[in-house]
């Protein structure tokens, strides 16, 4: 005989449903926490809003990374994060890291400042970014939104710092979120604010009506804000990323968004002209980036980007040895006759070819081929918000770091590219 239960069948079913519901809530919270920590480990230590805090209280940025990385490690070992499709990407990254590590310890610049910085990136930061991308991709619904929120924080901080006090047009200069002299971070400031621009473009491409209108206006606002900062690379990258998103959206949607953006620009210019904001001298005072592009168009190169790019190509073709295996990680300053830190090509692809040779370049190109392959797959289907947003972010980071980063900072674009490549392709509703 079976023992009698004090509950009816319906009551037992309700208890089971309640238990399942509680477990589902816990699982969702776990996913959200791991997605947040995976993104925070990479983006918060480099966040321009926190650099003043780190400097004021003498806090190492690495401490922030360690705090958020602890849950990521737990998530990596308690849940399967790699799939058969990800193994080829991990393989190419591993080969690139192994080869650049070898060329670091066999470099003629071994022990120099640039060599040590690149070695740290190859040995620690790129593997860290890859691990965080693997975990973040597992919970891409949450990690994509966390990236957006981190960008929004930078935007509001910049707005409060430079617009609310009315001092924006006092002088034409680079503007950043750091208040510590000697630690101006206008490149990072523009990059983080540009994340919001990518977010707005993604929303505009996937929405309609009022949301599309507000998102398009938000995109234009971000371009305007970034123009006041003065960094060119993030603006160029945002334009390329927006173009990629519009390709996702299709011709019909692109035309509608273009009409909306054109109307907003026309109204903005008309109102600005009425109040005298389109005086060139006043405009250049506010929009620092105009002066930067004007100098470049007139043949000037105060940032020496063109010289650095050309020198990296010269180094790669300098000899058969350099062409095949590179001149050695961190050896670029020796080649151009400069000393001290900061002398690198500011283009991680050119730097990889110059210092790691054709072998390093081959592994990078294989990863980029995987990126374009997945972008094409996303374009051919009606994709979800996170798939479009993460794909556009990968393009945004890739293009940005062709002008402002090298092997020393390669971990940032690696994170965004890997986060997109590792995330499952989801279809939109």
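Just so it is clear, none of the values below were taken in a lab; they were calculated from the coordinates. Everything numeric in this text was worked out from a predicted model, so none of it was measured. Every residue, glycine as well, gets a Cβ built from its backbone with ideal geometry; the counts of neighbours run over all protein chains shown.
So how do 222-232, 352-362 stack up, highest first, on mean other-Cβ count within 10 Å?
Order by mean packing, descending: 352-362, 222-232.
Order by neighbour count: 316, 99, fewest other Cβ atoms within 10 Å first, most last.
Fewest-to-most ranking of 316, 99: 99, 316.
Hey, any idea what the orientation-averaged projected area of the convex hull of the range 184-236's Cα atoms comes to, in nm²?
3.2
Dimensions of the range 297-429 along principal axes (Cα, Å, largest first)?
57, 36, 24
For the range 359-429, divide the Cα radius of gyration by the Kirkwood radius and give the resulting Rg/Rh value with two decimals.
In the range 359-429, Rg relative to Rh is 1.00.
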